[in-house]
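**Student:** I am attaching a structure below and will ask some questions about it afterwards.
Just so you know, all these numbers are worked out from the coordinates, no wet-lab data involved. The model shown is predicted, which means the values in this text are computed figures rather than measured ones. Cβ placement follows ideal geometry from the backbone for every residue including glycine, while neighbour counts extend to all protein chains displayed.
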Amino acid sequence: MPKHTQEEWDAVKRRYHLSERQVAMARELGMNPKKFGKIAPNRSEPWKAPIGEFIERLYSKRFGYR
């Protein structure tokens, strides 16, 4: 499992307006901060949830709580 630097996570937090809790959830899920651009919604993908909600949904699905 590759280690991602704190600077990479800080950049993702700023760019996608994530809370510290959401970043911690993403790290615990083993997400790659370099791939967040692919899962973030854009104008042509209105069905996608905002990235913070997406992370919280995955976390609750895997661990059974928020």
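**Student:** Could you compute the FRET efficiency for Glu20 and Arg43, with r as their C-beta to C-beta distance and R0 at 22 Å, rounded to 0.05?
**Tutor:** It comes out at approximately 0.20.
**Student:** Consider the candidate values (i) 22, 44, 22, 9, 2, 0; (ii) 20, 55, 24, 1; (iii) 22, 62, 14, 1; state which one is P(r) over Cα pairs in 10 Å bins from 0, in percent computed from the structure displayed.
**Tutor:** Structure-derived value, by its label: (ii).
**Student:** I've got another one for you. Taking the Cα centre of the chain as origin, sum charge times position over the Cβ atoms of Lys and Arg (+1) and Asp and Glu (-1), and report the length of that vector in debye to the nearest 20.
**Tutor:** 180
**Student:** What chymotrypsin sites (Phe, Trp or Tyr not before Pro) in the stretch 29-66 are in a loop by DSSP, with at most 11 other Cβ atoms within 10 Å of the Cβ? Could you put the intermediate results ahead of the total?
**Tutor:** Working: sites: Phe36, Trp47, Phe54, Tyr59, Phe63, Tyr65; in loops: Trp47, Tyr65.
Within the stretch 29-66, the qualifying chymotrypsin sites (Phe, Trp or Tyr not before Pro) (loop, at most 11 other Cβ atoms within 10 Å) are Trp47, Tyr65.
**Student:** What does the charge add up to near Pro41, with Lys and Arg as +1, Asp and Glu as -1, over the other residues with Cβ less than 14 Å from its Cβ?
**Tutor:** +3
**Student:** DSSP loop (so not H, G, I, E, B), at most 10 other Cβ within 10 Å: list which trypsin sites (Lys or Arg not before Pro) in the stretch 1-31 pass both filters.
**Tutor:** Qualifying residues, ordered by number: Lys3.
**Student:** Excluding residues fewer than 8 places away in the same chain, name every one of the aspartates and glutamates whose C-alpha is closer than 14 Å to that of Lys13.
**Tutor:** Glu53
**Student:** For the charge dipole of the chain, defined by +1 on Lys and Arg C-beta atoms and -1 on Asp and Glu C-beta atoms about the Cα centroid, which residue among Val23, Ser60, Ala11 has the Cα displaced farthest towards the positive pole?
**Tutor:** In the chain, that residue is Ser60.
**Student:** Over the chain, calculate the relative contact order: mean separation of alpha carbon pairs under 8 Å at least 6 apart, over the residue count, as a percent.
**Tutor:** 30
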